[in-house]
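Structure, as structure tokens:
The values are calculated or read from the model by the stated rules, or taken from the named source; none is laboratory data. None of the values given here were measured: they were computed from a predicted structure. Positions of Cβ are backbone-derived with ideal geometry, glycine not excepted, and every protein chain shown enters the neighbour counts.
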Amino acid sequence: MSELKLTARDFKSDQEVRWCPGCGDYAILAAVQSFMPDLGLEREQIVFVSGIGCAARFPYYMQTYGMHSIHGRAPAIATGLAVTRPDLSVWVVSGDGDALSIGGNHLIHALRRNVNIKILMLNNQIYGLTKGQYSPTSEQGKVTGSTPMGSVDYPFNPLSLALGAEATFVARAMDIDKPGLTNVLRRAAAHKGAAFVEIYQNCNIYNDGAFDFVREEKENRLYIEHGRPAGDTGITHDETDFATAFALSRINYAEHGVVPLGVFRDVPRDSYDELVQAQLDNAKGDGDLQALVGSGDTWSIQ
């Protein structure tokens, strides 16, 4: 059998990409399409599932199987797919509003269960598709159409939330940093279980410049690496240690002047789909169904 040779072009669909000119989603899409051949899989073995929002158009632009599902429910749909079709590589693409607001419950349980899916959460700290309302990651005081006097909400820290849900793989990357994003995608794909990747993504229409302190000012990027000191934080990174990963997830530009990028946590644990399959295998047995149905000891008629 000849070796599979696909290119980024093979993963581009015939659909017109319809995001606002200058949107960070273009860079993320290009990085994902360029990375897909590294999986060594046929396109029919790859599935992208999305919810609602700008990021949710992703499946249209990938020449793979895909589903544009309903608001916040992409992790639930992807869970069903991963459990019933373990031969597939299942990816979820979501935004900060889709994943952390209406979809928050589905997200944390997919992570807790360690379902074998890869979740890419494109974080632009705003609701872009519905014209710029504040989102669960918007900073306190954010003035938008839905918060004309400024938001009083405290924002979620997506990485801390994922770690708190016991996610076995947690990482952060950035839209315009193709090498860093590709490395994180490669690590997430190789992980057996739920992988959560936050991707800083600029919405140049409704929240332009939200991440300029790290997108434009490269000196503020702190690339973390397992077994090595994390800059001047005093922390030696250990991807297998929860406390270390959580401490790094709390480091931010406003308080520390740097933003950690890379893999925060990567630990092995049985995946949900593997455990379900093991139960099904054990339940098959050699029982006599007809004898069970006719057994007076088991069935009673009221």
Check your understanding: Which one of the conditions (1) more than 19 Å from the chain's Cα centre (by Cα); (2) within 17 Å of Asp96 (Cβ to Cβ); (3) in a helix (DSSP H, G or I) does Ala56 fail to meet, given that it meets all the rest?
Key -> (1)
Exercise for review: Would you please name the residue that is modelled with the lowest pLDDT, looking only at residues in the stretch 1-35 that are hydrophobic (A, V, I, L, M, F, W, C) and farther than 29 Å from Ile102 by Cα?
Suggested key: Met1
Check your understanding: Across the stretch 149-170, which residue is surrounded by the fewest Cβ atoms within 10 Å (Cβ to Cβ) among those that are part of a loop (DSSP other than H, G, I, E, B) and hydrophobic (A, V, I, L, M, F, W, C)?
Key -> Met149
Review point. Counting only residues that are outside any strand (DSSP E or B) and among the aliphatic types (A, V, I, L, M), which one in the stretch 187-211 is surrounded by the fewest Cβ atoms within 10 Å (Cβ to Cβ)?
Key: Ala190
Practice item. For Gln140, work out the one condition from (1) polar (S, T, N, Q); (2) modelled with pLDDT of 95 or more; (3) under 23 Å from Tyr60 (Cα atoms) it doesn't fulfil. Key: (3)
Review point. Out of all the residues in the stretch 1-26, which are among the charged types (D, E, K, R), under 25 Å from Arg85 (Cβ atoms) and not in a loop (DSSP other than H, G, I, E, B)?
Key: Asp10, Lys12
Review point. Got at least one residue in the stretch 177-186 being surrounded by 17 or more Cβ atoms within 10 Å (Cβ to Cβ) and not in a helix (DSSP H, G or I)?
Key: yes
Check your understanding: Do we find that Tyr65 is free of Cβ contacts under 8 Å to residues at least 24 places away in the same chain and in contact with an Asp or Glu (Cβ under 8 Å, 6 or more places away or on another chain) in this structure?
Key -> yes
Check your understanding: Residue check: is Val214 part of a loop (DSSP other than H, G, I, E, B) and either aliphatic (A, V, I, L, M) or over 30 Å from Arg112 (Cα atoms) (or both)?
Key -> no
Revision key, fill the gap. The one condition Leu29 fails out of (1) out of contact with any Phe, Trp or Tyr (no Cβ under 8 Å at 6 or more places or on another chain); (2) in a helix (DSSP H, G or I); (3) within 21 Å of Gly128 (Cα to Cα) is (1)
